[in-house]
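S.K.: I'd like to ask some things about the structure below.
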């Protein structure tokens, strides 16, 4: 297992590349989902606020 | 209303406006000379080194001067409503864009070419290379004006569009810089610079055919 | 010389600007001599509506027909239209005459008078040589309206033409519009000032309604 | 045909379509990526020239390929914005730019890391890497222009024109950078010619490439749904979706 991790002496380069890939792709996966959830929550709040203050026209 | 008459009308108007506020038209030229003049202070006065660097320095300074001077091309037209008027006059907006680019080239491009002469001598560039530098800059400044007109039409009326135009336009100027600087570098080594000059001429023709459409579309978008 | 039969049909025009949908669907027909006044408080979309009718802005939905042809398929719509926005369209550095000469040179509309004659009609010839920068608002407005006398267009669209005009300049412009109507022209005016001319104006009120 | 396009490109239909699409696209991306990484790190034999450092290819090449693929799909969206005024294309253009920039950045970083063991320097002015660098600036330019204009519909159309200007310039930039790098470094074989590709090496590469593409589409879907909700927030179909949603997150 340890010689697998060593990557024939290029461990730093290979693993750092994969780590950066995980970070970049991870951010592109998680951040949009979080903004979507926040947007939905915001819209819910706006709708609740409007229905509460809606004077019957 | 023949196209030539339309182009002449736009040119006449641009020259009158430039004549009436010369200081504004002078700013990019002063910037160009200043930018080139900084390098002897940075690299030391010996012209042996300076003459090697001179073509690249002059090309980069010309690029920056063009990207700053092209920003204000439509600004006052957009503000005072004459852009709206030109769009509704029935005249082809692409031709107006082309005339504007030609006006910019004559007002900002040609003076940069003329200023290159004393600057190149100051940087110790020998006359053979200078001729090629002037040829490449002549073709290159044409492309700069055409491409710059389209990009400035895209950002007209936006606040802070000064830096925005430079940010959008410089990546697109890189091919011009590559062929322009390498043409002069080849000339300095005694090699023929024909290939690069042909490329620059090719880019100029491409810009002449495509950018008017882009300028017209961009202006219509900004007016909507 | 009267205009050939002219007709502007607008059917359920809906305009969108940023988040707002402007004006409930706009539908009207203007035929032969007719004056339409677009009313509504500031920001109700009068200018956007006028710009859409002029073809500058593409409406979200609805259609505009000039002489029974849709304006975006019509390439000579511009030659029959004289549009004056609330911005003068005159460059500050140039003199009034130079501006008008440029407008005459670039315009495809049918020119009937020399720039000097057009300026005289608007009593603007006294300051024709002054740069527009030095003009008062009323003078600049009259210089801008000189385009109405320069070209012969059956369709006029004026955005707030009477702002900054004193009483007799206003009378002057109203007469100009009335002459245009007598020759069978159509005029659309976006203003909330009352119309004092001879012809009867049909009112269209634009109310802004966010979606 | 255009009314059909516009009616069915309406945002509500697209929103529902993208929900269904995400349901199975996200797990597929995960499977493809894992298979590609496992294949690339374990099963692919060591390259006789570069040793194990060649395994960076499984990140560098797919992301470099994606940086161009995203720009081309943005150019397609740009044409449909300018010609047919399709709202969905406007939102697709706005949401694709950051993804394209991320792929380009990833290609740049992994490219220079890959170059380090071979040439001893972190950055080398290789033709392909330099073209990627300029492509990154094109993406940043499109994003900068979009943020500078408030009205979303005008911003989308302006960005569409800039994208088309960019797409014409990409081959010019690529060719002039090739010319420039051969001029200054001499016509050596470009450092990035892939090593003679062995079958076991090729399969993970294909898996990763398809995985990156499905990742782009599913990440784009999420971004677009957020944008659609914000765009149509006053309509009642959005109100009904939001109220029945109780905040359960949609999968990636």
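We did not get these values from a lab; they are worked out from the coordinates using the rules stated. Note that the structure is predicted; figures quoted are calculated from it, not measured. Neighbour counts are summed over all protein chains in view; Cβ atoms, including those assigned to glycine, are modelled from backbone coordinates with ideal geometry.
S.K.: What is the calculated FRET efficiency for residue C:9 to residue B:5, with r their C-beta to C-beta distance and R₀ = 41 Å, to the nearest 0.05? The partial results should precede the final answer.
M.R.: Values: r = 35 Å, r/R0 = 0.85.
Given R0 = 41 Å and the Cβ-Cβ separation, E is 0.70.
S.K.: Springs between alpha-carbon atoms under 10 Å, Gaussian network over chain B: tell me which of B:145, B:89, B:136 tops the mean-square fluctuations.
M.R.: Fluctuation is largest for B:89.
S.K.: Expressed as a rounded percentage, what relative contact order does chain C have, with Cα pairs under 8 Å and six or more residues apart?
M.R.: Numbers: 400 pairs, mean separation 71.7, N = 211.
The value is 34 percent.
S.K.: Among D:58, D:15, D:175, determine the one that fluctuates most according to a GNM of chain D built with springs between C-alpha atoms less than 10 Å apart.
M.R.: Result: D:175 has the largest fluctuation of those listed.
S.K.: Report, as an integer, the average count of C-beta atoms from other chains found within 10 Å of each Cβ along B:178-190. All intermediate terms of the calculation are to be shown ahead of the outcome.
M.R.: Details: counts 9, 3, 0, 1, 5, 0, 0, 2, 1, 0, 0, 0, 0.
If you average over the peptide's residues, the count of other-chain Cβ atoms is 2.
S.K.: A further question follows. Enter the angle in degrees (range 0 to 90, nearest 10) between the Cα long axis of helix C:96-106 and the first principal axis of the Cα atoms of chain C, meaning the one along which they spread out most.
M.R.: So the inclination is approximately 50 degrees.
S.K.: Under a plain spin-label model, where a point goes 7 Å from the Cα along Cα-to-Cβ, how far apart in nm are residue B:37 and residue B:131?
M.R.: Between residue B:37 and residue B:131, the simple spin-label model gives 3.0 nm.
S.K.: Can you compute the modelled spin-label distance between residue B:49 and residue B:15, with each label point 7 Å from Cα toward Cβ, in nm?
M.R.: 4.5
S.K.: Run the helix sum for chain B: -39,500 (n - 2.57) per DSSP H stretch of 4+ residues, divided by residue count, reported at 222 nm to the nearest 500 deg cm²/dmol.
M.R.: About -28500 deg cm²/dmol.
S.K.: Which part of the stretch D:168-185 falls in the paramagnetic zone of residue B:192, meaning amide N under 18 Å from the point 7 Å along Cα-to-beta-carbon?
M.R.: Inside the label zone: nothing.
S.K.: Still on this structure, please answer the following. When you look at the Cβ of every residue in C:80-92, what mean number of other chain Cβ atoms sits within 10 Å?
M.R.: Details: counts 1, 3, 1, 5, 4, 4, 1, 8, 4, 9, 4, 11, 6.
Mean number of neighbouring Cβ atoms from other chains: 5.
S.K.: At a threshold of 8 angstrom on Cα-Cα distance, excluding pairs fewer than six apart, so keeping six or more, what relative contact order does chain D reach in percent? Could you put the intermediate results ahead of the total?
M.R.: Values: 268 pairs, mean separation 84.3, N = 252.
Relative CO of chain D lands at 33 percent.
S.K.: Taking a ≥ b ≥ c as the square roots of the eigenvalues of the Cα gyration tensor of the protein assembly as shown, is the shape rounded (a/c under 1.5), prolate (a/b larger than b/c) or oblate? Please report the intermediate quantities before stating the final value.
M.R.: Numbers: a/c = 2.85, a/b = 1.35, b/c = 2.11.
Oblate shape, in that a/c is at least 1.5 and b/c is the bigger or equal ratio.
S.K.: Give me the angle, in degrees from 0 to 90, between the Cα long axis of helix C:167-182 and the longest principal axis of the Cα atoms of chain C, rounded to the nearest 10.
M.R.: With both axes taken from Cα atoms, the answer is about 60 degrees.
S.K.: What FRET efficiency, computed as 1/(1 + (r/R0)^6) with R0 = 22 Å and r the Cβ-Cβ distance, is obtained for residue C:41 and residue D:151, rounded to the nearest 0.05?
M.R.: Details: r = 22 Å, r/R0 = 0.98.
Given R0 = 22 Å and the Cβ-Cβ separation, E is 0.55.
S.K.: Tell me, what is the percent relative contact order of chain B, built from C-alpha pairs under 8 Å that lie six or more residues apart?
M.R.: Values: 256 pairs, mean separation 60.5, N = 224.
Value for chain B: 27 percent.
S.K.: Also: Only helical DSSP H runs with n ≥ 4 go in: add -39500 (n - 2.57) per run for chain C, normalise by residue count and round the 222 nm mean residue ellipticity to 500 deg cm²/dmol. Present the calculation step by step, with values, prior to reporting the outcome.
M.R.: Working: 5 runs with 57 residues, N = 211.
Result for chain C, helices only: -8500 deg cm²/dmol.
S.K.: Please give the FRET efficiency for residue A:45 paired with residue A:22, using the beta carbon to beta carbon distance and R0 = 41 Å, rounded to the nearest 0.05.
M.R.: Values: r = 34 Å, r/R0 = 0.82.
The value I calculate is 0.75.
S.K.: On to the next question. Hey, fewest Cβ within 10 Å first, where do C:74, B:83 land in order? Write out the running numbers ahead of the final one.
M.R.: Values: C:74 17, B:83 24.
Ascending number of Cβ neighbours within 10 Å: C:74, B:83.
S.K.: Next question, about the same structure. Classify the stretch B:3-223 from the C-alpha gyration tensor, please: rounded if a/c falls under 1.5, else prolate or oblate depending on whether a/b exceeds b/c. Don't jump to the answer; show the numbers that get you there.
M.R.: On the way: a/c = 2.22, a/b = 1.79, b/c = 1.24.
It is prolate, given that a/c is not under 1.5 and a/b is the larger ratio.
S.K.: Taking the Cα-to-Cβ direction at residue C:120 and at residue D:184 and moving 7 Å from each Cα, how far apart do the two end points lie in nm?
M.R.: My value for the distance between the label points is 6.8 nm.
S.K.: To continue, here is another question. If you take each beta carbon of peptide B:206-215 and count the beta carbons of other chains within 10 angstrom, what is the mean? If you can, show how the numbers build up before the last one.
M.R.: On the way: counts 3, 1, 0, 0, 3, 2, 0, 2, 5, 1.
Other-chain Cβ atoms within 10 Å of each residue's Cβ, averaged: 2.
S.K.: Here's a follow-up. Test of understanding: in a Gaussian network model of chain B with alpha carbons linked when under 10 Å, which of B:64, B:88, B:98 would top the mean-square fluctuation ranking?
M.R.: Evaluated over chain B, the most mobile residue of the options is B:88.
S.K.: What does the helix-only formula give at 222 nm for chain A: each DSSP H stretch with n ≥ 4 adding -39500 (n - 2.57), the total divided by the residues, and the result rounded to the nearest 500 deg cm²/dmol?
M.R.: On the way: 2 runs with 48 residues, N = 57.
Result for chain A, helices only: -29500 deg cm²/dmol.
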